[in-house]
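Inspection log for the structure reproduced underneath, given as structure tokens.
The values are calculated or read from the model by the stated rules, or taken from the named source; none is laboratory data. Just so it is clear, the structure is predicted and the values come from calculations on it, not from any experiment. Cβ: placed from backbone, ideal geometry, glycine included. Neighbour counts: every protein chain shown. In case anyone asks, the SASA skips ligands and DNA or RNA and just uses the protein heavy atoms, side chains included. Shrake-Rupley method; radii C 1.70, N 1.55, O 1.52, S 1.80 Å.
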Amino acid sequence: QVQLVESGGGLVQPGGSLRLSCAASGSIFSMYTVGWYRQAPGKQREWVATITNGASTNYADSAKGRFTISRDNAKNTVYLEMNSLKPEDTAVYYCYVFTLNYWGQGTQVTVSS
């Protein structure tokens, strides 16, 4: 069973930046599409960004121009660089491996002054 561990969340002021990491216990990221999702209190989980095994990326409209998803296959890690953060970005962020249907445990991001 592969485990995914997210890290990098925290409290940041509006306009600030964070970089989230999702590390896998095995060498799986190079073979599969990986995504970031988020879930705010009282809301459904929503898709944020995706990176394929060929490094093609896609973003939700809310993330375009502010977030960047990337991967380092040698480190079995996928990243989500988040800039110009807004209070509405506050949520628990999860990484997800498509096809295998693996979820990480989530990392809390809070954007507040």
Checking the structure you have, find out if any residue of region 15-35 is among the polar types (S, T, N, Q), assigned to a loop (DSSP other than H, G, I, E, B), open to solvent by less than 80 Å² (accessible area, probe 1.4 Å) and within 17 Å of Val111 (Cβ to Cβ). yes
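For region 49-64, how many residues are part of a strand (DSSP E or B), open to solvent by less than 70 Å² (accessible area, probe 1.4 Å) and of a type outside the set (Ser, Thr, Tyr)?
Qualifying residue count, region 49-64: 2.
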Only one of Ser7, Ser21 is of a type in the set (Ser, Thr, Tyr), in contact with a Gly (Cβ under 6 Å, 6 or more places away or on another chain) and closer than 26 Å to Lys86 by Cα; which? Ser21
Matching residues, region 65-81, being crowded, with 16+ Cβ neighbours inside 10 Å and either of a type outside the set (A, V, I, L, M, F, W, C) or out of contact with any strand residue (DSSP E or B) (no Cβ under 6 Å at 6 or more places or on another chain) (or both): Thr68, Arg71, Asn76, Thr77, Tyr79
Quick count over region 82-100, residues being out of contact with any strand residue (DSSP E or B) (no Cβ under 6 Å at 6 or more places or on another chain) and either assigned to a helix (DSSP H, G or I) or under 15 Å from Arg45 (Cα atoms) (or both), is 1
Arg38 passes all but one of the listed conditions (1) touching a residue at least 12 places away in the same chain (Cβ under 8 Å); (2) more than 15 Å from Lys86 (Cα to Cα); the exception is number (2)
Given the conditions (1) farther than 23 Å from Gly15 by Cα; (2) at pLDDT 95 or above; (3) not aliphatic (A, V, I, L, M), every one holds for Asn101 apart from (2)
Considering only region 76-83, I want to know if a residue exists there that is more than 13 Å from the chain's Cα centre (by Cα) and either within 24 Å of Ser30 (Cα to Cα) or at pLDDT below 95 (or both). yes
Looking at (1) within 11 Å of the chain's Cα centre (by Cα); (2) surrounded by fewer than 18 Cβ atoms within 10 Å (Cβ to Cβ), can you tell me which one Pro87 breaks? (1)
